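Notes follow the structure.
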Amino acid sequence: MSKVTLEVSSGEKLYRSKCRTCHTLIEPKKFKDEEWKTFVEKYGSRVHLSVEEKEKILKYLVENN
């Protein structure tokens, strides 16, 4: 029997750890690329995410929507 290992991106890890501190997680498919960009910029700044963290989170959301 083989084990299936699912790799979680650094963007997904950040999304799960940082964004759920304020609200339940939203499925990436719920919003379009531009909407996610707006949300990540607006709310990422509120919780003091670095530019790199915002980029990683946005990449994860856009790749999975």
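Under 7 Å between Cβ atoms, at least 6 apart or on separate chains: pull out the pairs that start in region 10-31 with a residue that is within 15 Å of residue 45 (Cα to Cα) and end on any residue that is modelled with pLDDT of 95 or more and among the basic types (Lys, Arg).
Pairs found: 14/56.
Failed condition for residue 62, given (1) within 10 Å of the chain's Cα centre (by Cα); (2) not in a helix (DSSP H, G or I), with all others met?
Only one criterion is unmet by residue 62, namely (2).
Of the residues 17, 45, which is over 13 Å from the mean Cα position of the chain (by Cα) and part of a helix (DSSP H, G or I)?
45
In the list 27, 55, 63, 12, which residue meets the criterion of being at pLDDT 95 or above, of a type in the set (D, E, K, R) and touching a helix residue (DSSP H, G or I) at 6+ places or on another chain (Cβ under 7 Å)?
Values: 27 fails: touching a helix residue (DSSP H, G or I) at 6+ places or on another chain (Cβ under 7 Å); 55 fails: touching a helix residue (DSSP H, G or I) at 6+ places or on another chain (Cβ under 7 Å); 63 fails: touching a helix residue (DSSP H, G or I) at 6+ places or on another chain (Cβ under 7 Å).
Just a single option satisfies the conditions, and that option is 12.
The values are calculated or read from the model by the stated rules, or taken from the named source; none is laboratory data. Since this is a predicted model, take the numbers as computed values, not measurements. All Cβ positions, even for glycine, are placed from backbone atoms using ideal geometry, and neighbour counts span all protein chains on display.
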